[in-house]
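Asks: What follows is a single structure, and I will ask about it in a moment.
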Amino acid sequence: MRKISLIGGGQCGLLLGFALLDKGYSVTLYTDRSAEQVLNSRIPSTAFMFDSSLAVERELGLNFWEDLVPYGEGMHVDFRGPDGSIGLTVQGRLGELQGQALDQRTKFSRWLQEFPRRGGKLVVQAVSVADLEKIAAESDLTLVAAGKGQINAFFARDDERSEHLAPPRNLAAMLLTGPKMLGDRPWQRVPFRPLRFNFIAGAGEYFSLPFYTHTRGECRSFLFEAIPGGPLDRFQDAKDGAEMLEIARQVIAELAPDDLHHLDGAELTDADAWLKGAFVPTVRKPVGRLPSGKSVMAIGDTAVLNDPIAGQGSNNAARMVRHLVSSIVARGNGAFDEAWMNDTFDTFWNESAMYTTAFTNALLKPPGAPVMEVLGAASVNPPVADAFMRCFDNPRNYWPWIADLDEARRFVAERVELCAA
Ligand SMILES: Cc1cc2nc3c(=O)[nH]c(=O)nc-3n(C[C@H](O)[C@H](O)[C@H](O)COP(=O)(O)OP(=O)(O)OC[C@H]3O[C@@H](n4cnc5c(N)ncnc54)[C@H](O)[C@@H]3O)c2cc1C
């Protein structure tokens, strides 16, 4: 039985671990915190996953919360001026591509308990580069899925594929519950349960998603993406979630006032339901060579770390897991050498991750002419809006039109025709 070691018990490492166990590999997963520690930690993320990504979890029987987590059925987006006035509204449904957002504390702690039950070996250990040497010596393949962990520095930045040298946004997120944000139709203007997006010129963005946490059940996540130094950038001195909620009330009152009443009576789901910080989105070289000459491979955020503005990191991890499993299985008894690692990653980059990264980076800038063309049409044409939102499930579908005005016009015309037919 081929032996595969994984570093990191998050979205990518755990999901890949289960998928490889399912294919009959011997899998050891090293992660720096126990299930209990993960459950009682601060939230690491507010990840929403679309249908194609959830399908990977469903196929492996890992969707323990399927009937508990409220579905996000579509997006309701306001594009606002610097004073908060709404310039353009786009509302689109995801249809069968609807997704779910589940507290990663809830998910990963449960998955960590499940992993040994399915035959995996779990080692709770913060892995160092020196440890990697020992692990790699005992394994046919060693994959590092350490998220934003410090061990990432072992993998060189890919300068050609990385666009950022500094954090494009300062982030602040929390989980809230309250009488005016839950249920099927929490936004009166929206005939479905929305992912609520606000793009505020010169300030940044704020997102509120239907969510589920073990501490309170149904709730909503709030993620503020502040342009550094701009009017939304007020969260970084907050000492706790309660302070963060007060700041949220102030910025929403100023920059998205029609949303403010949703915070009436709102409170944090629990004392740990908040995070703040910033990071530099980075694409890394997939292969790290150890002093012994053995190679290990970066996957998940360790390989492709994007800003959360497009909600793609966990989705990218799920897509990467699908790709890795088929590449590992196809290798048969062949060596998992550097050539295989580079080829496996480059294929995934070219087929998927480069589009995810380019789409994410595009959202961090003012929209170009093709996007404005489609958004303008989407604001008055529901089929165009639906088609735009459905591309979030697989950002590759934004091409070719996202970069070409003629293609954008064709994209709109085809949807409008479909509607008229
Ligand atoms: C605020 C915010 C909002 C987000 N929203 C979305 C969204 O809506 N949709 C979406 O798809 N994505 C979203 N993401 C991104 C998503 O959470 C990540 O991309 C995803 O969790 C990456 O999975 P991963 O397995 O690569 O890393 P992680 O899930 O971060 O897991 C890494 C694991 O490795 C462990 N680890 C680190 N170093 C070591 C070490 N040396 N030894 C052992 N273990 C180690 C960590 O403790 C952790 O358990 C968001 C992120 C943030 C910050």
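Readers should treat all values here as calculations from the given coordinates under stated rules, not as data from a laboratory. Quantities reported herein were computed from a predicted structural model and do not represent experimental measurements. When we count neighbours, we look across all protein chains shown, and the Cβ atoms used for this are built from the backbone with ideal geometry, even at glycine.
Asks: Given the pairs K3/K107; K294/K365; K3/K285; K107/K294; K23/K285, which are separated by over 29 angstrom at their Cα positions?
Replies: The answer is K294/K365; K107/K294.
Asks: Find the all-direction average of the projected area of the Cα convex hull for region 275-421, expressing the result in square nanometres with one decimal place.
Replies: That works out to 11.9 nm².
Asks: Of all trypsin sites (Lys or Arg not before Pro) in region 187-246, which ones are in loop regions per DSSP and have a Cβ with at most 14 other Cβ atoms within 10 Å?
Replies: R189, K239
Asks: Please state the charge dipole magnitude for region 369-420, taken about the Cα centre, from unit charges on C-beta atoms (+1 on K and R, -1 on D and E), reported in debye and rounded to the nearest 20.
Replies: Numbers: 5 positive and 8 negative charges, 18 e Å.
Roughly 80 debye for region 369-420.
Asks: Still on this structure, please answer the following. Using 0.36 nm per residue of separation minus the Cα-Cα distance, give me the extension gain between D258 and R161 in nm, one decimal.
Replies: 31.0 nm
Asks: Could you pull out every residue, at least 5 positions away or on a different chain, whose amide H is within less than 5 Å of the one on V123? Hs are placed 1.01 Å off N in the peptide plane, and Pro or chain starts have none.
Replies: Those lying under 5 Å, H to H, from V123 are L29, Y30, T31.
Asks: Below 16 Å, Cα to Cα, which aspartates and glutamates can K121 reach? Residues fewer than 8 away in the same chain don't count.
Replies: By straight Cα distance, K121 reaches D22, D32, E138, D140.
Asks: For the chain, modelled as a GNM with alpha-carbon contacts under 10 angstrom, which of G178, G204, G99 fluctuates the most?
Replies: It is G178.
Asks: Something else about it: When the scattering of the chain is computed by the Debye formula from its Cα atoms alone, each counted once and equally, what is log10 I(q)/I(0) at q = 0.12 Å⁻¹?
Replies: Result of the Debye calculation: -0.99.
Asks: Treat each spin label as a single point 7 Å out from the Cα along the C-beta direction, and report the N350 to R289 distance in nm.
Replies: Rounded to a tenth, the inter-label distance reads 2.3 nm.
Asks: Right, next: Would you mind working out the magnitude of the charge dipole of region 204-286 relative to its Cα centre, with +1 at each Lys and Arg C-beta and -1 at each Asp and Glu C-beta, to the nearest 20 Debye?
Replies: Dipole size: approximately 500 debye.
Asks: Along the charge dipole of region 221-288, which of P257, P286, G229 sits closest to the positive end, that is, farthest toward it, with unit charges on the beta carbon of Lys, Arg, Asp and Glu (+1, +1, -1, -1)?
Replies: It is P286.
Asks: Taking the chain as the reference, fit the longest principal axis to its C-alpha atoms, fit the long axis of helix 405-420 to the helix C-alpha atoms, and give the angle between the two in degrees, 0 to 90, nearest 10.
Replies: That works out to roughly 70 degrees.
Asks: Under a plain spin-label model, where a point goes 7 Å from the Cα along Cα-to-Cβ, how far apart in nm are F64 and L418?
Replies: For F64 paired with L418, the spin-label model returns 3.8 nm.
Asks: Output ³J(HN,Hα) for region 368-376: one whole-Hz value per residue in order, computed from phi by the Karplus curve 6.51 cos²θ - 1.76 cosθ + 1.60 with θ = phi - 60°, and x for Gly and Pro.
Replies: x, 4, x, 5, 4, 4, 6, 5, x
Asks: At Q37 and V280, where each label point lies 7 Å from the Cα along Cα→Cβ, what is the point-to-point distance in nanometres?
Replies: Calculated label separation equals 2.7 nm.
Asks: Let me ask something else about it. Projecting each Cα onto the charge dipole of the chain (Lys/Arg +1, Asp/Glu -1 at the beta carbon, about the Cα centre), which of F18, P82, L364 comes out farthest on the positive side?
Replies: In the chain, that residue is F18.
Asks: If you don't mind, another one. Under the 0.36 nm per residue contour assumption, what length would be gained going from the current alpha-carbon distance of D240 and V123 to full extension?
Replies: Residue separation times 0.36 nm, minus the Cα-Cα distance, leaves 38.9 nm.
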